[in-house]
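Here's the structure we're looking at; comments come further down.
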Amino acid sequence: MSQKETIHISVASNNNYAVLTAALLKSVICNHHSKELIVFYVISDKISKRNKDKINTLASTEIQIKWIDADKILKEKVEFPLDNSSYPSTAFLKLLSPYILSDEVKKIIYFDVDMIVLGDVSELWNTDIKGYPVAAVVDIVKVVSCSWGGLKNYQQLGLHPETRYFNSGLMIIDVQQWRDNQIPEKVLKVMHDNLEYVSCADQYGLNVIFANNWFEISPLWNWFAHNYHPKPKCIHFLEIKPIFKSYKYDKSFQKEFFKYLNMTPWINTPLKGDYLRLFNKAYIRIRKKLIKVILSK
């Protein structure tokens, strides 16, 4: 089967979010109505065999699921930045998407696992990104100078205050350009060099490296669950995920999430207590601080 007939999609997940991964993949599958084969590349950060087996039940003759263990593709001496956020290292694995593909694959779509797709992914795949290295949706903060988001040191970086700022939860990636220009390495370097200003994990570095050099696509393809829309093409559950009792955003979006989750082996999964979410965030922050202390000695 030729490349034109295959849609390549990457996601990155840890074991805690395997349940989200299943809902995402099922939503893509259910809403894909054209003839292309879909290949999912799941970059796994220690996802258990049991959960991998559950997700593998979603595969078919038209749907392939390929597992990529993060440890096997991390280049030697790659160090993810120890920022002050509660984002796990899994957030940086998206940067490795270009390196998990064979040479003939020139493009890949990346989705964060806290999304469900309601539009036909072939529409996204066939988007002309006009030669840009990446296509994405403008983030909720809009511009780099936003006082509660964006890039805190945009002035030192020489950026105009109205420079658009994108959300890295959904990206159409020109694989060849990322490889040729060593984009992952550049993103990590700029984050290490500006660590005190880093927020939103990889999103900081990507917006610095691609400032004024990315293609904007419809916000419907990365619609934030904070705001209702009657027909979003992709819903992004920022912050509190729909699997938690404390989920406080649009309830119809949460219902949509569980519609797809209930088509997977996670059918009838009960809502989780908030203690687990808060524990994981606290654990990540403490772990990063301890590593910083150890490295400083």
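Some observations on this one:
- Criterion (under 15 Å from the mean Cα position of the chain (by Cα) and without any contact (Cβ under 8 Å) to a residue 40 or more places away in the chain) met by exactly one of SER48, SER10, SER44: SER44
- For segment 144-185, a residue qualifies if it is modelled with pLDDT under 95, under 26 Å from LEU220 (Cβ atoms) and not hydrophobic (A, V, I, L, M, F, W, C), and the qualifying residues are GLY149, GLY150.
- Within segment 39-52, the set of residues being buried (at least 17 other Cβ atoms within 10 Å of the Cβ) and in contact with a helix residue (DSSP H, G or I) (Cβ under 7 Å, 6 or more places away or on another chain) comprises PHE40, TYR41, VAL42, ILE43, SER44, ASP45, ILE47, ASN51.
- Selection within segment 167-201 - within 16 Å of ILE140 (Cα to Cα) and not hydrophobic (A, V, I, L, M, F, W, C): ASN167, SER168, GLY169, SER199
- Taking segment 15-73 and the helices (runs of 4 or more DSSP H) fully enclosed by it, the elements with 2 or more residues that are modelled with pLDDT of 95 or more and under 18 Å from LEU93 (Cα atoms) are at 18-30.
- Considering residues of segment 186-239 that are surrounded by 19 or more Cβ atoms within 10 Å (Cβ to Cβ) and in contact with an Asp or Glu (Cβ under 6 Å, 6 or more places away or on another chain) only, the residue modelled with the lowest pLDDT: VAL198
One line per residue, one yes/no per condition, for (1) within 30 Å of SER27 (Cβ to Cβ); (2) in contact with a Leu (Cβ under 8 Å, 6 or more places away or on another chain):
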position: GLN176; (1), (2): yes, no
position: ALA211; (1), (2): no, yes
position: GLU216; (1), (2): yes, no
position: GLU239; (1), (2): yes, no
position: PHE244; (1), (2): yes, yes
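The values are calculated or read from the model by the stated rules, or taken from the named source; none is laboratory data. As the structure is a prediction and not an experimental result, all values here were calculated from the model. Cβ coordinates were reconstructed from backbone atoms using ideal geometry, including for glycine residues, and neighbour counts include every protein chain displayed.
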